[in-house]
Amino acid sequence: GTTLKAAAERSGRYFGFAMGADRLNDSGFQTIARREFDMLTAVNEMKPDATEPSQGRFDFSRGDALYNWAVQNGMRVRGHTLAWHAQQPSFWRNLSGSALRSAMISHINGVLAHYKGKIFQWDVVNEAFEENGSRRSSNLQATGNDWIEAAFRAARTADPAAQLCYNDYNIENWTYGKTQGVYRMIQDFKSRGVPIDCVGLQTHFTGGSSLPGNFQQTLSSFAALGVDVVLTEVDVTNASSSQYQGLTQACMNVPRCLGITTWGVRDSDSWRSNESPLLFDSGSNKKAAYTSVLNALNAA
Ligand code: G3I
């Protein structure tokens, strides 16, 4: 393949990107996106504060604009995200206990009713663990330790066709406490029949030339529990070619690694733009890491 998506599709995988609604007016961005990518994630537009700004009033205008743009361009869409400690609507902040739990479930039902049958995967719950592997303290966690499985059960019922993912950062190093904490939760969910299909590893890498310890072992260990894995928000300090090559190779080596998404297209699109972490520079040129990724995809 001569593009990222063509190379990924050779092995039945996808190559995705994150797009904000502000890029709907950016023809330079869109030219690259149409050529290279086949899976879109909305940067902010499908998060709870965007889709339900006040209780029971849903707003899918910006999410739909991105969804429609993707479909018109032959792409699939990952949904990001339904329940998270950040970017909550302000009314969630004024609720607690069973009222907040109900609001979360109602939110999931409302969003999934709207997008039913349209979304490939949802990041149902995002970033719910501390670095040491314990549950992150949050208003959602305070509603009871079962809030995560409640979210997954509601999502499965509301859209049985969508694959349901748990998504987090710093779960790439197999020996890290947070990785192990998430692993134990997935293991527990699978053993008790809680509906979960995939783990999203955000893959925000910072510095160095080698990968976080045993990255491929992390992917294969999650997969061995019976879930797919996806790299959901990839960016790498200074776009290290060896790290990009390594993370792509690791995914290609694990049959249940379904695809890779970079968190933006050009460095200027990135939340880490001062670290130049993406595959295209701010002038839309392919960087060295682009070739490393393409070659690793084509080698499979
Ligand atoms: O839209 C307002 C704009 O009107 C205002 O002028 C401007 C001033 O700061 O803020 C704009 O909103 C910002 C929004 O992005 C849109 O650009 C928010 O302040 C800013 O907080 C928000 O940041 C987003 C961040 O999530 C919030 O947590 C980033 O764009 C987005 O890339 C980032 O994505 C997260 C993933 O969802 C989860 N994993 C980590 C990843 C990176 O932080």
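Tabulated values for the structure
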| item | result |
| --- | --- |
| Residue selected from the range 260-290 under the condition in contact (Cβ under 8 Å) with a residue 60 or more places away in the chain and polar (S, T, N, Q), by the criterion nearest to Val77 (Cα to Cα) | Thr261 |
| Output for the range 222-254, where each listed residue is within 16 Å of the ligand (Cβ to nearest atom) and surrounded by fewer than 17 Cβ atoms within 10 Å (Cβ to Cβ) | Thr237 |
| Residue that is farthest from the ligand (Cβ to nearest atom), among those in the range 12-42 that are closer than 13 Å to Tyr67 by Cβ and buried (at least 22 other Cβ atoms within 10 Å of the Cβ) | Met39 |
| Qualifying positions in the range 67-116 - crowded, with 20+ Cβ neighbours inside 10 Å, among the hydroxyl-bearing types (Ser, Thr, Tyr) and not in a helix (DSSP H, G or I) | Thr81, Tyr115 |
| Residue in the range 141-164 that is over 16 Å from Gln216 (Cα atoms), in a loop (DSSP other than H, G, I, E, B) and polar (S, T, N, Q) present | yes |
| Residue satisfying all of: in the range 190-205; buried (at least 20 other Cβ atoms within 10 Å of the Cβ) and on the phi < 0 side of the Ramachandran plot; nearest to the ligand (Cβ to nearest atom) among these | Gln202 |
| Long-range neighbours under 7 Å by Cβ, at least six apart or interchain, first residue over 19 Å from Arg78 (Cα atoms) and touching a residue at least 24 places away in the same chain (Cβ under 8 Å) within the range 139-164, second in a helix (DSSP H, G or I) and small (Gly, Ala, Ser) | Thr143/Gly97 |
| Filter result for the condition that a residue is over 15 Å from the mean Cα position of the chain (by Cα) and either under 27 Å from Thr248 (Cβ atoms) or within 16 Å of the ligand (Cβ to nearest atom) (or both), over Ser106, Ser61, Ser102 | Ser61 |
| Hey, Val182 among the aliphatic types (A, V, I, L, M) and either over 21 Å from the mean Cα position of the chain (by Cα) or more than 18 Å from Arg78 (Cβ to Cβ) (or both) or not | yes |
| Positions within the range 119-140 being buried (at least 17 other Cβ atoms within 10 Å of the Cβ) and either over 14 Å from the mean Cα position of the chain (by Cα) or not in a strand (DSSP E or B) (or both), in sequence order | Ile119, Phe120, Glu127, Ala128, Phe129, Gly133, Asn139, Leu140 |
| Verdict on Ala7 being in contact with a helix residue (DSSP H, G or I) (Cβ under 9 Å, 6 or more places away or on another chain), away from the ligand (no atom under 14 Å from the Cβ) and either under 24 Å from Tyr290 (Cβ atoms) or assigned to a loop (DSSP other than H, G, I, E, B) (or both) | yes |
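Computed from the coordinates by the stated procedures, all read-outs in this text should not be read as laboratory data. Since the model is a prediction, treat every value here as computed from it, not as a measurement. Neighbour counts run over all protein chains shown; Cβ positions are idealised from the backbone, glycine included.
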